[in-house]
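Structure first, commentary second.
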Amino acid sequence: MLKKEFPFVILAIFLTGIGGTFQYGLGISGVTSPSSYIKEFVNQTCMQRYDVYLEQWQLSLIWSFIVSVFAIGGLLGSILVVPCLSKIGRRNCLLLNNFVAITGGLLLILSRKASSFEMLMVGRFLDGINAGVGLSAHTLYITECTPKMLQGMVGVTIATSIAFGRFIGQLLGLSEFLGNEANWPWLLGFNAFTALLQLVTLPFLPESPKFLLLNRGDQEGCQRALMTFWGNKDHGAEVEEIVKEKAVLQNMRSRSVLELFREKSIRWQLATVCVTYSSLQLSGINAVYFYSHDVFRTAGIDEDKIHYASLGMGVCEMLSSLLCFMIIQNVGKKVLLVTGYAAMVVILTLLTITLYVQRFISWMSYCSMVLIFALLFTFSAGPAGVIAPLSSLLFTQEFKASATAVCCTINWLGLFIVGMIFPVLVENLESFCFLIFLLLSFGCGMFVYFNVPEMRNKTPLEIAVDFEVMHGKWRRSNGENMEEKPPKASNVCGTKL
Ligand SMILES: *[C@@H]1O[C@H](CO)[C@@H](O)[C@H](O)[C@H]1NC(C)=O
């Protein structure tokens with residue numbers, strides 16, 4: 001029914017996906033499989049240029065930087081995208097963004113020919129910008145182009161397209177395809193091709209109707225775009241609704257990040273968002289992704305089976321994000337968060353034990369692998385799906401933009417920190433490397449259990465009251481300037497990261 005009624009929405013989901021959050025997933029998983037070739041390349045390049053072989057730690061440092069500079073680019077991208085979206089439009093922003101990806105991809109592809117690992121760094125940085133812009137632009141464009149009744153489903157496709165990107169990165173990373181000595185630059189630069197695909201196809205879709213009407217004042221264009229996406233009916237009612245929403249937003253002053261931090265009445269909401277968003281990165285999931293090969297090697301899996309193990313991870317994540325979609329409607333968010341963290345603590349404990357014991361009992365390495373899968377599954381089915389939309393759930397409209405900005409920053413910085421630190425951890429702590437993530441997950445679970453009320457089916461205002469009751473300070477003073485509106489699904493950066 002969906003396909004028949006909204007063919008262009010389906011098309012838009014696919015076309016925006018490949019140039020949007022897909023690139024983010026690809027950027028994270030694509031670098032894992034050629035790690036040993038890239039390290040070798042850096043080592044050889046330094047030899048040719050400076051006549052020195054690098055020490056192990058120097059090489060690790062350069063390698064971590066190549067991996068993590070992606071996150072710095074992402075942070076920059078998520079800042080740049082804000083004026084870009086409102087000035088040139090959602091679709092054009094995505095289109096322009098493809099040039100960044102293509103430039104980055106070309107640098108990566110040519111880096112070996114040019115014997116320059118600096119090009120790898122710049123290329124990864126550009127890819128990061130592309131991913132940062134893509135996350136926001138994709139989310140905004142696709143939510144604005146879909147009718148209300150489909151928005152829940154479309155929200156999930158954003159997360160699915162990240163998972164799909166990761167999966168493709170792993171699939172291409174198999175040594176039969178691009179994950180080998182000869183082809184690894186093509187693997188790193190693969191996103192240039194998906195960007196090119198979007199660049200030539202997306203112009204056939206219209207700009208977001210909401211943008212056309214509100215930012216451009218183009219009533220006719222908006223009508224035409226609505227017709228394309230939602231079918232040949234009269235869309236007067238929808239147009240009116242958009243205009244009304246605009247009026248509401250105009251009467252409301254958006255608060256700055258500084259004001260967000262100063263506002264006493266919402267500090268528990270802010271703390272909740274900060275803690276949970278940090279845990280998104282610091283629970284070890286992205287560490288497992290970035291360095292899945294090192295992790296599986298540490299777990300004692302054979303070298304030739306590692307690729308298939310990490311391919312399995314991609315499949316596992318896609319399945320569990322679907323599961324999350326199904327259970328999130330029926331289970332309380334707090335319940336899901338707390339049980340998720342509790343399960344992760346148990347799994348991480350077991351994992352630490354099996355990693356330690358496997359030196360003595362060799363088949364234990366398969367238990368470790370199963371546990372890594374279980375960790376991934378628990379994380380994507382529980383906390384990841386709940387935390388993603390949290391900033392639009394906890395904050396009223398006036399604080400939403402600054403809260404989202406804070407979340408974005410925490411997210412990308414966390415990714416950078418994990419990317420830089422984790423290899424050092426693996427090297428020095430070996431089987432105990434997950435202990436840190438264990439402690440963090442435990443702390444986060446405790447925080448949520450004691451400090452956060454249940455949030456299911458509540459508006460930000462109701463949640464705010466629950467927070468106050470929970471912390472024993474019942475005040476009504478801030479009640480009147482908050483606005484009673486249900487939280488919206490569209491959240492610029494809050495997709496599953
Ligand atoms: C760099 O390459 C040389 C020669 O192949 C090798 O002996 C050395 O161990 C390599 N350095 C690292 C850190 O792998």
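Rule-based calculations on the coordinates, nothing more; no lab input. These numbers come from a predicted model, not from an experiment. With ideal geometry, Cβ positions are generated from the backbone for all residues, glycine too; neighbour counts draw on all protein chains shown.
At R0 = 25 Å, how high is the FRET efficiency between E303 and V52 if r is their beta carbon distance? Nearest 0.05 is fine.
0.30
Compute the normalised compactness of segment 259-497: alpha-carbon radius of gyration over 2.2 N^0.38 Å, N being the residue count.
1.09
By how many nm would the segment from E181 to S115 grow when fully extended, if each residue of separation counts as 0.36 nm and the alpha-carbon distance is taken off?
Result: 22.3 nm gained on full extension.
Determine one quarter of the surface area of the Cα convex hull of the chain, which equals its mean projected area, and express it in nm² to one decimal.
With every direction weighted equally, the projected area is 23.7 nm².
Helix 460-470 against the longest principal axis of the chain: what's the angle in degrees, Cα atoms only, rounded to the nearest 10?
Orientation of helix 460-470: about 70 degrees from the principal axis.
Please list log₁₀ I(q)/I(0) at q = 0.08, 0.09, 0.16, 0.18 Å⁻¹ for segment 1-205, using the Debye equation with identical point scatterers on the alpha-carbon positions.
Once normalised to I(0) and log-transformed, intensities are -0.29, -0.36, -0.96, -1.15.
Farthest toward the dipole's positive end in segment 172-291, which of S279, S208, N180, given Cβ charges of +1 (Lys, Arg) and -1 (Asp, Glu) about the Cα centre?
It is S279, whose Cα lies furthest towards the positive end.
Under unit Cβ charges (Lys, Arg +1; Asp, Glu -1), what dipole magnitude, rounded to 20 debye, does segment 259-497 have relative to its Cα centre?
So the dipole magnitude of segment 259-497 works out to roughly 540 debye.
Assign one of three labels to segment 284-399, namely rounded, prolate or oblate, based on the Cα gyration tensor with a ≥ b ≥ c the square roots of its eigenvalues; rounded applies when a/c is under 1.5, prolate when it is not and a/b is larger than b/c, and oblate otherwise.
prolate
Modelling each spin label as a point 7 Å along the Cα-to-Cβ direction, I'd like the I417/L106 distance in nm, to one decimal.
3.7 nm
Want the number for S254 to L322: 0.36 nm per residue separation, take away the alpha-carbon distance, what's left?
Extra length available between S254 and L322 comes to 21.1 nm.
Rounded to the nearest 20 debye, what is the charge dipole size of the chain about its Cα centre when +1 sits on each Lys and Arg Cβ and -1 on each Asp and Glu Cβ?
900 debye
Just order 351-363, 83-95 by mean Cβ neighbour count inside 10 Å, highest at the front, would you?
Sorting 351-363, 83-95 by mean packing, highest first, produces 83-95, 351-363.
Charges at C-beta only: +1 for Lys and Arg, -1 for Asp and Glu. How large is the resulting dipole of segment 1-205 about its Cα centre, in Debye rounded to 20?
Using Cβ point charges on Lys, Arg, Asp and Glu, segment 1-205 gives about 600 debye.
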